Amino acid sequence: MRPEEQLGTVTGSAHGVDSLRDYLRVLEENRELRRVKDEVNAKFEIAAIHMKVQSERGPALLFENVKGFDMPVLVNLLSSRRRLALCLGLAADTNIETLDKVISERMRNEVNVDVVSTGPCKEVILDSSRVNLTKYPIMTMHEKDAGPYITGAFIVAKDPETGIQNLSYHRLLLKSRNRLGILMEPRHLWSIYRKADSMNEPLKIAIVIGYNPLVGMAAATGLPIGRNEYALAGALAAHPIELVKAEDSDLLVPANAEIVMEGVVLPKVREKEAPYGEYTGYYGNAAMRPVVEVQKITQRKDPIYYSITARSSEVGYYFIAKTIRTLERIRESVPSVKSANFLQTFFYAISLKKEHEGDGRKAMLAAITANDSIKYCVAVDDDVNTRSPEEVLWAIATRCDPAKDTFIIPRTFGQTLDPSAEGEDESRVWSLLCIDATRPIVKPFAERSRIPTLEDVERMKHQGLL
């Protein structure tokens, strides 16, 4: 019996979840959450348990007895199709194709936010004299990490020139009771920080820990400057996201967040940050990077600390809205594209029904323009399942002539965390490999062989064909 059969089919509500705690309640009702009462260590042990349970397709884990801390730790939250469906308010057994369709449809209709006067995230307010980050169960995950890292938080910041607010994810190294090291890849927050840094002004930020996962998905989407990630989160949830103004700035944060750390990224200050074991499976290089000073913390009375282990499949689920947005951008150039997704870190596959020679190349060019996490891009025909590494590799092996069906774009902007890229953080470059593994349409090509299924055989017998 499959796990989904054991758990049964659960019908979701008309909209997505309202908060992290609302989501945990739904997960517990559907036996997708396990409370762990045995004592565990935030250094290595929680991450080790997390990876083992995830490899066994186990539930979300809430560790209620963390050695040396009086705060529970939540991991493995959004790491399965079932949990994503429940988060969206859908039936737990909704298939991945339907999930993609629902997310795509909801993303087209952004929902305005609802700014309220206060919320659970302000039940406790700690001023600068009471800020002590070492009291939080910040996890150390890998053997050679520089220290404990906050990984499950998104950061809220505002452009000092335009006033436009931005949400994004960044790793944060615990340095002292009120200081954190930060890695900012050269994207929106880095651009915002450079403006403040050039004016020798601190950049106010809010670090949000423990939130509605749909807000996390929106924060990871990488919307164009000027688009409101909270409005996208409202679209995914199908209801407005409640926000409240931070205590020491006009930044807006989720009213029902577990923990909000308010502070600044200091101008002209650089300190050593890393190594840290990233989602690529490698340690990131140490370098002199900006520093965050936490000046105030607001939180619930009994906050839950949420963490994302770097190699967790949660990373892919948080980026699913970005992946769907990439697919829609590709379809603007090649409408016959059927599906597309990442098979592995930096490795992207697109299936399409070719209507013209060159459609595969055109789709790949649109993809690498739309998503800067694509390093290897493969185009296959619509009879190939892009979620199957075996089928994609089969198409490459049998439908691609490397001499004429591949091309390389050298030395483009590269992912900071790719160890094969060259250069420093803000100037790393890599090369892009595109592989056209589609059949030609201007000349005959061998037909794919197929063994009839048992259902086909039964039908043939019924029709008297066998």
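All of the numbers you see were taken from the coordinates with simple rules; none came from a lab. Everything numeric here is computed off the predicted structure, so don't read it as measured data. As a convention, Cβ positions derive from the backbone with ideal geometry for all residues, glycine included, and neighbour counts pool all protein chains shown.
Calculated on C-alpha atoms, the gyration radius of the chain divided by its Kirkwood radius gives an Rg/Rh of 0.99. Backbone amide hydrogens, once placed in the peptide plane, bring residue 172 within less than 5 Å of 150, excluding anything fewer than 5 places away on its chain.
When each of 211, 376 is scored by the number of other beta-carbon atoms lying within 10 Å, the sequence from fewest to most is 376, 211. For residue 67 and residue 28, the FRET efficiency from 1/(1 + (r/R0)^6), where r spans their Cβ atoms and R0 equals 22 Å, is about 0.35.
At the listed q of 0.20 Å⁻¹, the Debye profile of region 3-106, built from one uniform point per Cα, gives log10 I(q)/I(0) equal to -1.01. Count Lys and Arg as plus one, Asp and Glu as minus one, and take only other residues whose Cβ is under 13 Å from that of residue 163; the net charge is then 0.
Taking all Cα pairs closer than 8 Å and separated by 6 or more residues, the relative contact order of region 3-106 comes to 33 percent. Ordering 16, 80, 92 by the projection of their Cα atoms onto the charge dipole of region 15-106, which places +1 on the Cβ of Lys and Arg and -1 on the Cβ of Asp and Glu, puts 80 at the extreme positive end. Before anything else, pin down the relative contact order of the chain: Cα pairs under 8 Å, at least 6 apart, normalised by residue count, whole percent. After rounding, I find 14 percent.
Estimated from helices alone, the mean residue ellipticity of the chain at 222 nm is -7500 deg cm²/dmol (sum of -39500 (n - 2.57) over DSSP H runs with n ≥ 4, per residue).
Legend: ranking of residues 400, 377, 434 from fewest to most surrounding C-beta atoms inside 10 Å; resulting order 400, 434, 377. Calculated FRET efficiency, residue 191 to residue 450, Cβ-Cβ distance, R0 = 60 Å: about 0.70 to the nearest 0.05. Binning all Cα-Cα separations of region 321-403 at 5 Å, short to long from zero, yields these whole-percent fractions: 3, 17, 31, 27, 17, 5, 0, 0. Length, then width, then depth: along the principal axes, the Cα atoms of region 34-189 run 48, 44, 34 Å.
In plain terms, the residue of 448, 179 with the fewest other Cβ atoms within 10 Å comes first and the most crowded comes last, giving 448, 179. For region 101-244, how big is the tail of P(r) above 19 Å, as a whole percent of Cα pairs? Of the Cα pairs, 59 percent sit more than 19 Å apart. With the cut-off at 1.5 for a/c, could you classify region 173-233 from its C-alpha gyration tensor as rounded, prolate or oblate? Here region 173-233 falls in the oblate category. Shape class of region 74-157 from the alpha-carbon gyration tensor: oblate, with a/c at 1.5 or above and b/c at least as large as a/b.
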